[in-house]
1. Being open to solvent by 10 Å² or more (accessible area, probe 1.4 Å) and within 14 Å of ligand 2 (Cβ to nearest atom) is the requirement here; does residue 443 meet it?
2. Which of the following residues is modelled with pLDDT of 95 or more and in contact with a strand residue (DSSP E or B) (Cβ under 8 Å, 6 or more places away or on another chain): 144, 134, 173?
3. Do you know which of the residues in the range 187-212 that are within 30 Å of residue 67 (Cα to Cα) and charged (D, E, K, R) is most open to solvent (accessible area, probe 1.4 Å)?
4. If we scan the range 342-349, do we find a residue that is without any contact (Cβ under 8 Å) to a residue 12 or more places away in the chain, on the phi < 0 side of the Ramachandran plot and within 16 Å of ligand 2 (Cβ to nearest atom)?
5. Could you please find all residues in the range 320-337 being open to solvent by 70 Å² or more (accessible area, probe 1.4 Å) and either within 16 Å of residue 415 (Cα to Cα) or within 16 Å of ligand 2 (Cβ to nearest atom) (or both)?
6. Restricting the first residue to the range 262-273 and requiring it to be touching a residue at least 24 places away in the same chain (Cβ under 8 Å), which pairs with a second residue that is of a type in the set (A, V, I, L, M, F, W, C) and within 16 Å of ligand 2 (Cβ to nearest atom) meet a Cβ separation below 6 Å and a spacing of at least six or different chains?
7. Tell me whether the range 401-420 contains one or more residues that are of a type in the set (Asp, Glu), over 24 Å from residue 66 (Cβ atoms) and outside the structural domain of residue 281 (by TED's automatic domain parsing).
8. Across the range 351-383, what is the total count of residues that are outside any helix (DSSP H, G or I) and either touching a helix residue (DSSP H, G or I) at 6+ places or on another chain (Cβ under 8 Å) or within 15 Å of ligand 2 (Cβ to nearest atom) (or both)?
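The values are calculated or read from the model by the stated rules, or taken from the named source; none is laboratory data. Bear in mind that the values here come from a model prediction, so they are computed numbers and not experimental data. Backbone-built Cβ (ideal geometry, glycine too); neighbour counts: all protein chains shown. Ligands, DNA and RNA are stripped out before the accessible areas are found, and what is left, the full protein with its side chains, is counted by its heavy atoms. Shrake-Rupley method; radii C 1.70, N 1.55, O 1.52, S 1.80 Å.
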Amino acid sequence: MRIIVARPGLRWHLKLVRTLAVILGDQLNEDSAIFEGFDPQQDAVWMAEVTGESQHVPSHKARTVLFLSAMRHFRDRLRARGLTVIYQELQPGSLRGLLERDIKQHAPQQVLCVWPGDFRVKEALAPHVHRFLEDRHFLATPDEFRQHAQGRKQLRLEYFYRAMRRRYGVLMEGDQPLGGSWNYDAENRESLPAGGPVGLIEPLRFPPDLTTQVVMAAVGQQLPGNPGSLASFSWPVTREQGLAVLADFVEHRLPLFGRYQDAMWTGEPWLYHSLLSAALNLKLLDPREVLAAVEHAAAPLAAREGFIRQILGWREYVRGLYWLKMPGYAELNALHAQEALPEFYWTGDTPMVCLREAIGQTLKHGYAHHIQRLMVTGLYAMLLGVAPRAIHEWYLAVYVDAVEWVELPNVIGMSQFADGGIMASKPYAASGKYIDRMSNYCGGCRFDPAQSTGPRACPFTTLYWDFLMRHEHALRKVPRMEMQLRNLARLKPEQKKAIAEQAAVIQEAGCPTTSSLEPAAASAPPLFNAL
Ligand code: FAD
Ligand code: SF4
């Protein structure tokens with residue numbers, strides 16, 4: 001134990017460090033287990049900003065700014081409460097390197113940290129941390145999920161979700177689901193009216209305050225080559241702002257959330273979504289308060305259930321799966337996909353309108369909603385056969401809400417089927433017709449979702465049939481793929497050949513090219529219905 005200089009408020013004084021409480025950028029909750037037994041007279045918080053955390057994958061500038069600005073606001077809040085915070089502002093290096101250095105300098109008796117959200121970070125810090133504490137933010141611990149998984153042949157959200165509804169008494173009438181049904185999907189997931197979304201109110205956004213502006217300048221200076229724009233940065237960086245986003249969502253967007261949760265529309269990045277993932281993942285908000293606000297809101301039961309399923313179900317489920325299956329889960333590649341990630345994922349420069357929209361808004365805001373991630377960018381990567389690791393690193397880099405515990409299972413399991421069916425009961429494979437049904441993108445696109453070959457063939461549709469052909473043998477073992485394989489069997493050999501030729505050219509280039517459109521076009525059969 002050594003003497004350090006600490007600075008609560010403006011007064012400098014000497015202080016001994018008993019416990020060094022490490023707080024990571026996604027652990028910004030004041031009711032965290034790290035503060036249990038924390039004695040401001042003897043203990044100190046340690047926080048650090050390092051460029052390494054934005055470079056192991058090339059983090060979107062907005063993602064980095066969000067994390068760092070929220071950390072600085074949190075630091076100031078703790079200091080205002082009289083806590084000593086040893087805080088390193090943005091500098092080159094790794095978390096582990098900086099922690100090592102500061103431990104040498106301050107020689108605390110013990111170093112504590114809440115369980116990180118990333119296996120890599122936990123491994124890196126483990127040699128210096130005496131104890132990792134339970135992350136109380138979540139509603140199910142990794143051990144509880146392990147018990148749930150034990151003895152089950154298949155892990156499916158539905159069983160877990162129902163158990164969580166019962167355990168926490170959310171939308172329940174005694175032991176039965178409120179309204180008599182666990183699931184209101186039949187009333188949800190519509191496409192938008194032909195004229196587009198109605199009653200949309202611009203969501204609450206927060207122009208950068210001074211702290212955020214200082215961080216933006218530092219990020220611009222130290223990470224100039226990182227992707228994404230800061231021009232429209234307006235994410236919540238404090239708990240108060242997170243609570244305001246929650247209230248804004250419940251009042252203005254929740255009533256139509258379920259109904260249009262799968263819909264997409266050109267130029268409308270937010271639609272009826274909550275925009276709460278970043279504030280939740282940084283722990284500015286507690287899922288319990290989000291659930292309570294939604295459960296008791298004046299919105300239709302189907303909308304409330306649809307939303308609660310995401311928070312109490314999916315969010316907890318993917319975290320349980322992550323800690324159950326890591327580290328091996330990150331290496332899975334059940335479909336042996338090896339292609340490189342197309343360059344346009346970093347620029348949005350593609351004639352495919354759906355991808356241009358989803359990637360364009362991602363680079364602009366660090367945000368795309370679930371169906372854009374699953375059924376546009378994720379679907380194209382899976383159909384093309386992109387290596388799961390490459391697409392995982394892209395998702396981890398470009399979204400403001402990306403932390404590996406939630407990003408990885410969604411990418412490896414849900415969107416790429418790289419885990420062979422641990423998370424999802426079938427690959428989310430579809431042709432351009434799905435995107436056409438759920439959006440207005442195809443109306444403005446040079447391609448036609450109903451065509452699989454020829455110059456106007458939608459690349460999704462070409463690649464969809466090719467995907468089924470390439471993986472037909474493996475997919476025969478997946479019961480829920482039966483209908484799609486039956487449709488594949490209806491194709492004539494010459495149709496299959498033309499599709500395979502056109503798909504090979506797209507795969508080679510990563511995208512449709514002028515040359516890919518010509519030869520197959522001449523011999524292509526007339527349109528046939530894609531799924
Ligand atoms: P809403 O549509 O309003 O949903 C409400 C909340 O439910 C979200 O804020 C989120 O906390 C939770 N939620 C919804 N779906 C999921 C899900 N599948 N898994 C976990 N939580 C969910 N979510 C992240 O938080 N970080 C990620 O890095 C991330 N990567 C994804 C990658 C892929 C390929 C896919 C398909 C999904 C990913 N998701 C991720 C899940 C989901 O897309 C986002 O949580 C959601 O789009 C965030 O926007 P929102 O807050 O407006 O969500
Ligand atoms: Fe996307 Fe195909 Fe529709 Fe174009 S036609 S927007 S590429 S699905």
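1. So residue 443 passes the test.
2. Step by step, each of 144, 134, 173 is checked, and only 134 is modelled with pLDDT of 95 or more and in contact with a strand residue (DSSP E or B) (Cβ under 8 Å, 6 or more places away or on another chain).
3. Result: 202.
4. yes
5. Result: 331, 336.
6. Correct list of pairs: 262/371; 262/438; 263/192; 263/438; 264/438; 265/192.
7. Looking through the range 401-420, at least one residue is of a type in the set (Asp, Glu), over 24 Å from residue 66 (Cβ atoms) and outside the structural domain of residue 281 (by TED's automatic domain parsing).
8. Qualifying residue count for the region: 5.
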